[in-house]
Amino acid sequence: MKTLLNLIWLVLSGFWLALAYVLAGLICFVLIITIPFGIASFRIAGYALWPFGKTTVERRDAGAGSLIGNIVWIVFAGWWLALGHIVTGLALCVTIIGIPFGIANFKMIPISLMPLGREIVPTDRPFATR
């Protein structure tokens, strides 16, 4: 079932959202000081491409650096990536079959705004990394 949902997701919105994250990651790599943001963006691109069967958990070892980094991320890249999830989610919720995918888009907004200090894990072991 996860594979079927991921394939439908890929066609409806996953490819374009993952492309936006890759673009943000490439921009971050060009601006050398923001390479950690680029790594996080590429990690989220994989999640945005194939999200069903995965979840995010908070890392216990994340500290003040993650908080400061997330604030910088929100200002420069997070807000427009979150806006992409909102627009795509609303468009998908217009149709009956798209409602689960719209909800999945809305669930991805927190990680698009604050990617540092979070880890993407399979849903069958969300508490294994804590």
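The values are calculated or read from the model by the stated rules, or taken from the named source; none is laboratory data. Keep in mind that what you see is a predicted model, and the values were worked out from it rather than measured. Cβ sites come from the backbone with ideal geometry, for glycine too, and all protein chains shown count toward neighbours. When the accessible area is computed, the model is the full protein with side chains, heavy atoms only, and any ligands, DNA or RNA have been set aside. Shrake-Rupley method; radii C 1.70, N 1.55, O 1.52, S 1.80 Å.
For PHE76, indicate whether it is over 10 Å from the mean Cα position of the chain (by Cα) and either at pLDDT 90 or above or among the charged types (D, E, K, R) (or both).
no
Where the second residue is open to solvent by less than 80 Å² (accessible area, probe 1.4 Å) and not in a helix (DSSP H, G or I) and the first is on the phi < 0 side of the Ramachandran plot and lies in the stretch 8-24, which pairs have Cβ atoms under 7 Å and are six or more apart or on separate chains?
Qualifying pairs under 7 Å: TRP9/PRO51; TRP9/PHE52; LEU12/GLY98.
In the stretch 11-47, what residues are over 15 Å from TRP73 (Cβ atoms) and buried (at least 17 other Cβ atoms within 10 Å of the Cβ)?
Within the stretch 11-47, LEU12, SER13, GLY14, LEU17, ALA18, VAL22, TYR47 qualify.
Of the residues LEU90, LEU81, LEU5, which single one is out of contact with any His (no Cβ under 9 Å at 6 or more places or on another chain) and open to solvent by less than 10 Å² (accessible area, probe 1.4 Å)? Let's see the steps before the verdict.
Working: LEU90 fails: open to solvent by less than 10 Å² (accessible area, probe 1.4 Å); LEU5 fails: open to solvent by less than 10 Å² (accessible area, probe 1.4 Å).
After ruling out the rest, the residue left standing is LEU81.
Any idea which of (1) open to solvent by 30 Å² or more (accessible area, probe 1.4 Å); (2) assigned to a helix (DSSP H, G or I); (3) among the aliphatic types (A, V, I, L, M); (4) closer than 22 Å to ASN6 by Cβ is the one ILE96 doesn't satisfy?
Checking ILE96 against (1) open to solvent by 30 Å² or more (accessible area, probe 1.4 Å); (2) assigned to a helix (DSSP H, G or I); (3) among the aliphatic types (A, V, I, L, M); (4) closer than 22 Å to ASN6 by Cβ, the one that fails is (2).
I'd like the full set of residues that are modelled with pLDDT of 90 or more and among the hydroxyl-bearing types (Ser, Thr, Tyr), limited to the stretch 32-55.
Hits for the stretch 32-55 are SER41, TYR47.
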